[in-house]
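Scroll down for the structure; my scribbles are underneath it.
No value in this document is a laboratory result; all are computed from the given coordinates. What you are looking at is a predicted structure, and each value in this text was computed from that prediction instead of being measured. Note that we place each Cβ from the backbone using ideal geometry, even for glycine, and neighbour counts take in every protein chain shown.
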Amino acid sequence: MSFSSIRQALLDLPDAAPEPMVCSVFISELLKLLGFNKTEIIPQFTTGNGGDAVDYAARKNSDGDIFINTKSNPYLLLEAKGRNINLSPGSAPYKSAVKQIENYLLAPNCKFVQWGLIANADRIQLFRKHGKIIHPALPCLEVTSDNVDKIVSVVKQKIEEPRKALTVAVYNNKGGVGKTTTAVNLAAMLTALGKRTLIVDFDPNQRDLTTSLGLKPKEDALYSWLVNKNDVPSNLIDACKFTSKSGLAWQIDVISSDEKLQGLEEDRLRQLISINRLKQVLYPHSEKYDYILIDSPPNWRFFSQSAVYAADVVLIPTKHNSIFSLENAATAIGRFIREIQNQRKDGGPIALPIFYNGESITDTGRRTAEEAIDEIIIRAKKHAVRPIDLTPYFYPKSTPAKVNRHIFEIPSYAHIAGAAFTRVPAAYKNKTASEYYLALAKEYFLQ
Ligand SMILES: Nc1ncnc2c1ncn2[C@@H]1O[C@H](COP(=O)(O)OP(=O)(O)OP(=O)(O)O)[C@@H](O)[C@H]1O
Ligand SMILES: [Mg+2]
């Protein structure tokens, strides 16, 4: 592969080159270097979302399936901008380009797309699509003629990797909001839908997830895996098998917690295990699963920080009647997750919109919660150090023109609470519970 042509393209491109020039001089070289030939690229690809067309769609040909002929199932979409458009993160045109690629990635003709790129020759950012979730796969990179070859290689390596699991941390600093219950039942539902799912109990001082699946904490498996650099303990993963009355069989893989991780002082933990270690050790496993869910404790210390660090996305259960759970969600999104983003420097993880879990809601209760959320949003916008618009995280259906206060809910349901006693996820035992968690899976994850 020769990079000299793309380096030259960048040098030739005027500073304020408009989009068509960026496309013909730079993007054509970029797609070529990413490994797509002329019959594998369709410009102005119709996404199926009304008349919307994305600048480029690409997919490698396979036997008898030439992309420019079949025009089906693109693998990568690219939205190009002119060099006169400021794509630095935080700028208004950047935000609108991200929104644009997200819409294309979710459009009907793009269901099987896995990657989205935005690029204007000064900036390139790669996004991954997994089901309904779109998250940055790389930071928004600044391109120069000196680093363009390196950037192209990094992007190429990412898009050629085998498909990886989506890693989800279930987190709220507030206790008792349903983190563990959500992790278990969401895993049960995803498994029932044929998705290979691994759950990790990363709350070793409570070990509720381990217990609720009828497993015994290990003496030492997870600990050694995290502390020793090489070995994967042979007893690390348990296959939890369940059978329905009608004879259906499901398997959830579980990394339960172990005694050796319990009761360790925070300083000692940090000496033994770095915050990025869980992400590192899960990485090779993520090829075997569609989803990896990590349960975390109700604090912002080593285990939660590691879980969030390891995640692509963070799922945040709250309770409408607990102002603390709503405030804590805001802190997690506005501060904690951003702290980890700054450490990781790859754009991740991202917060998913909150949901209400496990309390019956009256209209008055709902209104009280909405007033509290409205106030939280106003306060966060005016924050002196870390201003943020939390609207998409609390009210994801809002548009700039109109606030829509819909928040997804898992209602309070006795079978959900009771199931932990029988060591079988409610989503497997009870039709209503399974419908609730199917709705959760569809709301956030499945396209
Ligand atoms: N939708 C629901 N309906 C009824 N009960 C629920 C529901 N969700 C969770 N619960 C119950 O609420 C309690 C707290 O749930 P869970 O242990 O999952 O919370 P958590 O956030 O993991 O708590 P911790 O912060 O202690 O880890 C449990 O008894 C659980 O069975
Ligand atoms: Mg818990």
query: Using every alpha carbon pair in the range 180-262, what percent of pairs falls into each 10 Å bin from 0 up to the bin containing the largest distance?
result: 18, 47, 27, 7, 0
task: Work from the charge dipole of the range 75-221 (Cβ charges, +1 for Lys and Arg, -1 for Asp and Glu, about the Cα centre) and give the residue of 103, 181, 143 farthest towards its positive end.
output: 103
field: FRET efficiency for residue 235 and residue 267, using Cβ-Cβ distance with R0 set to 22 Å, rounded to 0.05
entry: 0.15
field: residue 45 long-range amide H proximity, modeled H, under 5 Å
entry: 54, 56, 57
- request: Between residue 193 and residue 161, take the C-beta separation as r, use R0 = 22 Å, and let me know the FRET efficiency to the nearest 0.05.
  value: 0.40
field: Simple spin-label estimate for residue 339 and residue 374 in nanometres, 7 Å along Cα-Cβ
entry: 3.2
task: Could you size up the charge dipole of the range 290-447 around its Cα centre, putting +1 on the beta carbon of Lys and Arg and -1 on that of Asp and Glu, and report it in debye to the nearest 20?
output: 200
- request: Output the peptides 420-427, 45-52, 409-416 sorted from most to least packed, where packing is the average of other Cβ atoms within 10 Å over each peptide's residues.
  value: 420-427, 409-416, 45-52
- prompt: Of 356, 337, 373, which is farthest on the positive side of the dipole of the range 327-385, counting Cα position, with +1 on Lys and Arg Cβ, -1 on Asp and Glu Cβ, and the Cα centre as origin?
  reply: 337
- prompt: Along the range 258-270, what does the Karplus equation 6.51 cos²θ - 1.76 cosθ + 1.60 (θ = phi - 60°) give for ³J(HN,Hα), rounded to whole Hz, x for Gly and Pro?
  reply: 10, 3, 5, 8, 7, x, 6, 5, 3, 5, 5, 4, 5
field: Residues whose placed amide H lies under 5 Å from that of residue 412, excluding near-sequence neighbours
entry: 358, 359, 360
- prompt: Given Cα pairs under 8 Å that are at least 6 residues apart, what percent is the relative contact order of the chain?
  reply: 15
message: Among 79-92, 324-337, how do they line up by average Cβ neighbours within 10 Å per residue, starting with the highest?
response: 324-337, 79-92
- request: Quickly rank 249-256, 290-297, 397-404 as a protection proxy: mean count of other C-beta atoms within 10 Å, highest first.
  value: 290-297, 249-256, 397-404
field: Amide hydrogen neighbours beyond the local backbone of residue 17, cut-off 5 Å, H modeled
entry: 83, 84
- prompt: Can you list the residues of the range 142-167 with backbone N under 19 Å from a point 7 Å past the Cα of residue 91, pointing along Cα to Cβ?
  reply: 142-148
query: In deg cm²/dmol and to the nearest 500, what is the mean residue ellipticity at 222 nm of the chain if only DSSP H runs of at least 4 residues count, each as -39500 (n - 2.57), divided by the residue total?
result: -10000 deg cm²/dmol
task: Kindly write out, for the range 428-435 in residue order, the coupling ³J(HN,Hα) from the Karplus curve 6.51 cos²θ - 1.76 cosθ + 1.60 (θ = phi - 60°), rounded to whole Hz, with x marking Gly and Pro.
output: 8, 9, 9, 5, 5, 4, 5, 5
- prompt: Which value, to two decimals, describes the C-alpha radius of gyration of the chain once divided by 2.2 N^0.38 Å?
  reply: 1.03
